[in-house]
Structure formats: C-alpha cells, structure tokens
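Undergrad: Sharing a structure here in structure tokens format.
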Amino acid sequence: MTDHKPKVKKRAGKVVHSAVSLHAREKAEEIRGRYPSVIDYQTVLNMLEDRKSVRYPVKIRFVSEGIDPGMFARTEPVSENPEDGYIILMHNYFENRHDVLPMLILYQLVLVNYGDLATANDAEIFGATILGMERDAYYQQVAALVDAVWAG
C-alpha cells in the first residue's frame with residue numbers, strides 16, 4: 001500500500017503527540033461504550049449524527065476522482081468554519097461495501113475531531129479501539145482495502 005500519511009501533518013513535540021493520542025484512545029473507548037459490540041455501517045452513520053462521538057457534522061460522498069493514488073478517501077471542511085462540518089470523499093470502489101465502510105470512515109474521523117493535530121497513528125488507534133480490534137490487525141485490513149482499490 002502506498003503510504004497513506006501525507007494528509008496528516010507532524011505535530012510539534014512529544015507532549016502534544018501523547019495528549020492527542022491519549023485523548024483519541026479515551027474518546028474511542030467512550031464511543032465504543034455507547035454503541036453495540038458490533039459496529040456496522042448504520043451504527044457509524046448514527047455516530048456521525050452524535051456530537052458526543054463526532055465533533056462536527058459529517059457527510060459521506062462517493063467519488064471516482066480526486067482521491068490520491070494509495071488513498072481511500074479525503075476529508076475536507078465544508079468551509080473555513082468547522083461548525084459547518086466536513087465531507088468525507090470516499091473512493092467509489094467502496095460505495096456498496098457496507099461491510100468495510102465502518103473501518104474506513106472511523107479512520108477519517110480523527111481529522112474531523114482533531115484536525116491538523118491528528119496523525120495516521122491516531123487514526124489507527126481510534127478506529128481499532130471503536131471496532132474492538134488490535135491496532136495492527138486494523139491497519140492490515142485498511143491497507144489491504146487500499147491495495148485492492150489501486151491494484152488494477
């Protein structure tokens with residue numbers, strides 16, 4: 001899989017890094033406690049409407065263009081005001097893949113909740129924790145999905 005980290009900026013200092021990572025894990029554990037043990041696509045769509053789970057409004061759109069090679073999605077603010085929300089532009093390869101969309105959407109949500117402070121590591125921790133998975137297993141599955149999109 002092509003490295004999916006370019007959209008996530010590096011943070012200044014280990015203290016900030018540790019604080020954001022810790023908060024992402026704690027927030028993910030809190031979210032996991034509010035939802036059923038099996039997190040399906042409809043559950044994730046419900047999370048998107050829950051401001052205790054996702055800080056700002058989020059819409060999902062499936063697109064065939066504008067996703068960089070080696071990526072599966074792009075998250076963009078609707079405007080300069082975060083309160084206006086975000087759009088996750090998901091590669092259209094996943095449009096009818098409700099079985100894997102929770103994993104991919106959760107990965108993108110750290111950008112909504114933490115903005116430029118989020119790293120790929122935070123995305124892995126956040127998604128894996130909500131889904132009740134080991135971080136390495138989560139990463140492996142996300143990487144395999146990205147590889148499937150760009151293998152053609």
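Undergrad: With the full set of protein chains in place, find how many percent of the accessible area of the chain is carbon and sulfur; take the probe as 1.4 Å. Before the final figure, lay out each step's value.
TA: Working: 4060 of 8100 Å².
For the chain, the apolar C and S fraction of the accessible surface comes to 50 percent.
Undergrad: Treat every Asp and Glu Cβ in the stretch 7-152 as -1 and every Lys and Arg Cβ as +1, leave all other atoms uncharged, and give the resulting dipole magnitude about the Cα centre to the nearest 20 debye.
TA: Numbers: 17 positive and 20 negative charges, 75 e Å.
So the dipole magnitude of the stretch 7-152 works out to roughly 360 debye.
Undergrad: With the crude spin-label approximation of a point 7 Å out along Cα→Cβ, what separation in nm comes out for Asn92 versus Gln42?
TA: With each label placed 7 Å out from Cα toward Cβ, I get 2.7 nm.
Undergrad: Using only alpha carbon pairs under 8 Å that are at least six residues apart, calculate the relative contact order of the chain and give it in whole percent. Before the final figure, lay out the partial values.
TA: On the way: 209 pairs, mean separation 48.5, N = 152.
Relative contact order comes out at 32 percent.
Undergrad: For the chain, what is the accessible area per residue in Å², given a 1.4 Å probe and the full set of protein chains?
TA: On the way: 8100 Å² over 152 residues.
Spelled out: the 1.4 Å probe surface of the chain, per residue, equals 53 Å².
Undergrad: May I pose another question? Give me, ordered by chain and number, the residues 5 or more places off Tyr86 or on other chains with an amide H under 5 Å from its own placed amide H.
TA: Val58, Lys59, Val78
Undergrad: Ok, one more. So, counting K/R as plus one and D/E as minus one, what does the shell of residues with Cβ under 10 Å around Tyr41 add up to?
TA: Working: positive: Arg97; negative: Asp40, Asp99.
Neighbour charge sum, excluding Tyr41 itself: -1.
Undergrad: Now for a separate question. Go through [x] 1.29; [y] 0.97; [z] 1.13 and flag the label whose value is the computed Cα Rg over 2.2 N^0.38 Å for this structure.
TA: Only one option fits the structure, namely [y].
Undergrad: Do the sum for the chain: with -39,500 (n - 2.57) for every DSSP H run of n ≥ 4, divided by all residues, what is the mean residue ellipticity at 222 nm, to the nearest 500 deg cm²/dmol?
TA: Values: 5 runs with 71 residues, N = 152.
Roughly -15000 deg cm²/dmol at 222 nm, from the helical runs in the chain.
Undergrad: For Tyr56, what charge total do you get from the other residues with a beta carbon under 9 Å from its beta carbon, if Lys and Arg give +1 and Asp and Glu give -1?
TA: Details: positive: Arg51, Arg55; negative: Glu83, Asp84.
Charge balance near Tyr56 sits at 0.
Undergrad: Here's another thing I want to ask about it. How high is the FRET efficiency between Glu49 and Asp147 when r is their beta carbon distance and R₀ equals 25 Å, given to the nearest 0.05?
TA: After rounding, the FRET efficiency stands at 0.20.
The values are calculated or read from the model by the stated rules, or taken from the named source; none is laboratory data. From a predicted model like this one, the values you see are computed outputs, not experimental measurements. Backbone-built Cβ (ideal geometry, glycine too); neighbour counts: all protein chains shown. Just so you know, the surface numbers come from the protein's heavy atoms only, side chains and all, with ligands and any DNA or RNA stripped out. Shrake-Rupley method; radii C 1.70, N 1.55, O 1.52, S 1.80 Å.
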